[in-house]
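The values are calculated or read from the model by the stated rules, or taken from the named source; none is laboratory data. Being a predicted model, the structure only gives us computed values, none of them experimental. With ideal geometry, Cβ positions are generated from the backbone for all residues, glycine too; neighbour counts draw on all protein chains shown. The protein model used for the area step is the full one, side chains on, heavy atoms only, and it has no ligands, DNA or RNA in it. Shrake-Rupley method; radii C 1.70, N 1.55, O 1.52, S 1.80 Å.
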Amino acid sequence: MMAFFLKFLINHPKSTFLLTLLICVLLSFFAFKLHFDASAESLLLEDDKDLKIFRELSKHYKSDNFLMLAFKPSDENPFSQTSLKKLENLHKELEGVRGVERVFSIINAPLLLSSENKDLKELMQNIPNITSKDINQSKAKDEILTSPFYQNNIIAKDGKTTAFIIYLKPDLTYIDLISARDSAKDEDERERLRTQIQKHQAEQNALTKALLTQIRTIISSYEKDGARLYLGGVSMISDDMISYIKDDLALYGISLVFLLGFALWYFFRSFALMILALFICFTALSSASGLFALLNFPVTVISSNYAPLMLIITLSVVVHLITHFIEISRLYPNTTQKRLVLQTLLAKAKPSFFAIFTTMIGFFSLIFSHIEPIIKLGIMMSLGIALGLILSYLFLSSALMLLKRQNFTQKEFKLSFLLWCANVSIKRKKFIYALAFITLILAFVGIPKLKVENSFVNYFKDGSAIKEGLLVIDKDLGGTLPLDIIVRFKTAKTQMKEGEILDSFENEFESLALKDTYWFDSKKTRIAKKVHHFLENKEFVGSVLSLNSLLSLGKSINNGKDLDDFALAFLNENLPPNFKQDLLSPFVNIKQNELRFSIRVIDSNPNLKRDTFLKNLENELNELLKNEDVELQITGIMLLYNNMLQSLFSSQFDTLAFVVLAIFALFVLIFRSFKIATIAIICNLIPLSLVFAFMGFLNVPLDLMSITIAAIAIGIGVDDILHYIYRFKEELKHNGVKKAIVNSHLFIGTALYYTTISIVLGFSVMMSSNFIPTIYFGILTTLVMILLLFGSLFLLPSLLISFYTKRNNKPKLLR
């Protein structure tokens, strides 16, 4: 069947080539519609119950989406008249940016202690700020520097850096769409909403980009006199990540054209074969991109690596085919082109199919990560490399027929070196086994040291604008990782459900308590004070804002006396809306009967252990509030980010177990031997374990990218072993074991070098990325590919010799 199909293609080369090219052009047209997604939620666990809670609680409090702009004046004194004038102008310009809801800074921060007017009621009617005419500038400076609201929030502790909190208009449409998608019972409806969400995100990304461009233009005009400004925030990070993805894709494409083009020329010494190989690889990539766009697969920071991966793997298939074609062209110089092409395609059909199939298994195992972009990468790569294999056969079968019969040559690696590798495998088995044993010991010691701790700040290169901004905000302005503590009080309705029967007086009292005016009471203020003090003394917490911040401010203006329930009710009723939304509303939700403690954690602290910190925080808060009859909820980006990191670690075992078992079963099926299958798997796992041991010893954490190394390395790495064992079994039909090893090295060794060099070049371009996990991924994958080559050339033949013996010219397994 395969021979019939290939003959048909070879007999109709022009039709095959043009029809295939037409389909590829049509698919490639859709590649321009690829959707890019670098939102924070694209890095979270979609089935995380904490994510649903986070989304639900986000509805209770507005203005969670904000940017932070740190401003360090050249004289390091934000309170000088020159600086204040600049800050005032900058504040006004930021407020005028389309998409900005409001701006909070020391320019409009309400000052209750810096006015001569001591009457609270009059103050509420006209709250001054630092720009007010009758304000005492000296008192205003002291109040801002010592205010529980402003210190570590809009002013650094040392008073040298100030910040603008730029609140963006909330994206309520997105929240509603997510809610509708989660509650949809029909899969078609869910899919329709997914498409709608993607379309909405694309529109929002364009709006956010325009907003950020305008803000950056404003910023640049204030940096001319030596002032330094740093912009941070989730929206900015997301926009920068999209730019990184696009830049990386463009860089990968250009770099790989030259690198792989040079390598192909060096291998084959033929422009025709070089251009043909590059044409197949890039056509496969553009066609796959179009297919992903049609399937609504977004390109994320992680799945953007599909481009170099597809080029590398498709090139590997093409190199094996071309190498074999050149080899038999030299062996049979008088054979027709048609026979040479057919023999090449038939001879490499099984090993190429199984090599791609095992690689697909490796990528498919990523579905066990439970992280949406990693799952998408697995599906995209499985589809992409299958398409690459099909196009390689279609284009090669037709293009080689359209080329004139030539005596192609190729760069020969020194046969003496390949012979040396074979001899070492044959004569130094004990030495090779000793190295493998040492590797296993290193793996047993090093792998347990692996960790998943990873600072978000450290995802970016040193010196990059995004990292500098995040570090300034993290160290000087209270931290970058937001985390919320929600304390919910039981309502009268809840208590009645629990069986309590209230008399008429109690019913009237509880009904009264639910009114806004009477919501504040001594219990709530006591709990606010207790939790706030606990949090601000907690290590790694940079900033805490809550109802207690307002209580502290109130105490200052109340001659050192605590505000009572009536004073709080008065503030709730009389605070001007623009001040209430900064000082009270973010921390109190009367309708939901809850208090919110908004904290930011110092993400760049190298001693921060996120999982331990969060578990201890929850346990200690539960202990602190055990007798208060309240419900506690921890939520926020830090919790969701930690859940993702912990899932990486747990899913690593699932992913690895699946890919090893699946490929082992496939090997048993292909080679019909448990021992050969075991040898093949061992030769992959030992080099791979050494890389993970290095990561453990060198303190390189598992992250979103390195989590995929095991599955990808095994998937790609088995290709060499597959081709080698195929050749070895062919040689065994005519030779003894040692001769078969030597011949396999000499025949297949060249192709292994070619593919390994191509793969190493392909992964090396990732080291040019602006995203640190991508750089680590490039380095580690390059290392593991080199180690896997050593495994194929030294460990694999040694194990084959140990398990095989030749008796009466027939291979037989040792017993």
Considering residues that are assigned to a helix (DSSP H, G or I), farther than 30 Å from residue 232 by Cβ and open to solvent by less than 70 Å² (accessible area, probe 1.4 Å), the number found within the range 162-188 is 1
Identify the residue in the range 190-202 that is more than 22 Å from the chain's Cα centre (by Cα) and open to solvent by 70 Å² or more (accessible area, probe 1.4 Å) and, among all such residues, is modelled with the lowest pLDDT. 191
Taking the criterion of being polar (S, T, N, Q), modelled with pLDDT of 85 or more and in contact with a Lys or Arg (Cβ under 7 Å, 6 or more places away or on another chain), would at least one residue in the range 547-568 satisfy it? yes
Checking residue 255 against (1) exposed (fewer than 14 other Cβ atoms within 10 Å of the Cβ); (2) touching a residue at least 40 places away in the same chain (Cβ under 8 Å); (3) of a type in the set (S, T, N, Q), which single condition isn't satisfied? (1)
I'd like to know if the range 371-378 contains one or more residues that are open to solvent by 40 Å² or more (accessible area, probe 1.4 Å) and free of Cβ contacts under 8 Å to residues at least 40 places away in the same chain. no
How many residues, within the range 568-581, are open to solvent by 20 Å² or more (accessible area, probe 1.4 Å) and touching a residue at least 40 places away in the same chain (Cβ under 8 Å)? 7
Here is a list of conditions, (1) in a helix (DSSP H, G or I); (2) surrounded by fewer than 24 Cβ atoms within 10 Å (Cβ to Cβ), and residue 734 meets all of them except one; can you say which number that is? (1)
Being within 25 Å of the chain's Cα centre (by Cα) and assigned to a loop (DSSP other than H, G, I, E, B) is the filter here; which residues of the range 48-84 pass it? 48, 64, 65
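For (1) more than 14 Å from residue 399 (Cβ to Cβ); (2) among the hydroxyl-bearing types (Ser, Thr, Tyr), each residue gets a yes or a no:
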residue	(1), (2)
277	no, no
280	no, no
291	yes, no
299	yes, no
303	yes, yes
307	yes, no
312	yes, no
315	yes, no
Out of 277, 272, 206, 263, I need the residue that is out of contact with any Lys or Arg (no Cβ under 6 Å at 6 or more places or on another chain), closer than 30 Å to residue 458 by Cβ, in a helix (DSSP H, G or I) and of a type in the set (A, V, I, L, M). Which one? 206
Would you mind stating whether residue 430 is within 22 Å of the chain's Cα centre (by Cα) and on the phi < 0 side of the Ramachandran plot? no
From the set of residues in the range 724-764 that are in contact with a Pro (Cβ under 6 Å, 6 or more places away or on another chain) and modelled with pLDDT of 80 or more, which is nearest to residue 256 (Cα to Cα)? 726
Residue that is nearest to residue 705 (Cα to Cα) [pool: residues in the range 35-60 that are among the aliphatic types (A, V, I, L, M) and at pLDDT below 75]: 43
What single numbered condition from (1) without any contact (Cβ under 8 Å) to a residue 40 or more places away in the chain; (2) closer than 20 Å to residue 260 by Cα; (3) surrounded by 21 or more Cβ atoms within 10 Å (Cβ to Cβ) fails to hold for residue 720? (1)
If we take the range 304-415, then helices (runs of 4 or more DSSP H) inside it with 1 or more residues that are among the acidic types (Asp, Glu) are 306-331, 372-402
Restricting to the range 723-753, count the residues that are closer than 13 Å to residue 804 by Cα and among the hydroxyl-bearing types (Ser, Thr, Tyr). 0
Among the residues of the range 755-787, how many are in a helix (DSSP H, G or I), of a type in the set (Gly, Ala, Ser) and buried (at least 22 other Cβ atoms within 10 Å of the Cβ)? 3
On the given criteria, is residue 339 out of contact with any helix residue (DSSP H, G or I) (no Cβ under 7 Å at 6 or more places or on another chain), surrounded by fewer than 24 Cβ atoms within 10 Å (Cβ to Cβ) and at pLDDT below 85? no
Quickly run through the range 757-783 and pick out the residues that are under 21 Å from residue 264 (Cβ atoms), aliphatic (A, V, I, L, M) and more than 20 Å from the chain's Cα centre (by Cα). 757, 759, 760, 761
Given the structure, is residue 115 modelled with pLDDT of 80 or more and among the hydroxyl-bearing types (Ser, Thr, Tyr)? no
Scan 262, 279 and give me the residue that is farther than 24 Å from residue 386 by Cα, of a type outside the set (S, T, N, Q) and open to solvent by 10 Å² or more (accessible area, probe 1.4 Å). 262
Check the range 238-254 and report whether any residue there is assigned to a helix (DSSP H, G or I), more than 26 Å from residue 457 (Cβ to Cβ) and touching a strand residue (DSSP E or B) at 6+ places or on another chain (Cβ under 9 Å). no
Filter the range 341-392 down to the residues that are closer than 16 Å to residue 660 by Cβ and β-branched (Val, Ile, Thr) and list them by number. 358, 359, 361, 367
Would you mind stating whether residue 225 is open to solvent by 50 Å² or more (accessible area, probe 1.4 Å) and part of a loop (DSSP other than H, G, I, E, B)? yes
Between residues in the range 104-115 that are free of Cβ contacts under 8 Å to residues at least 12 places away in the same chain and residues that are acidic (Asp, Glu) and in a loop (DSSP other than H, G, I, E, B), which pairs lie under 8 Å by C-beta distance while being six or more apart or on different chains? none
Just checking, how many residues over the range 467-485 are over 18 Å from residue 643 (Cα atoms), crowded, with 22+ Cβ neighbours inside 10 Å and in contact with a helix residue (DSSP H, G or I) (Cβ under 7 Å, 6 or more places away or on another chain)? 2
So how many residues does the range 448-462 have that are assigned to a helix (DSSP H, G or I) and crowded, with 16+ Cβ neighbours inside 10 Å? 3
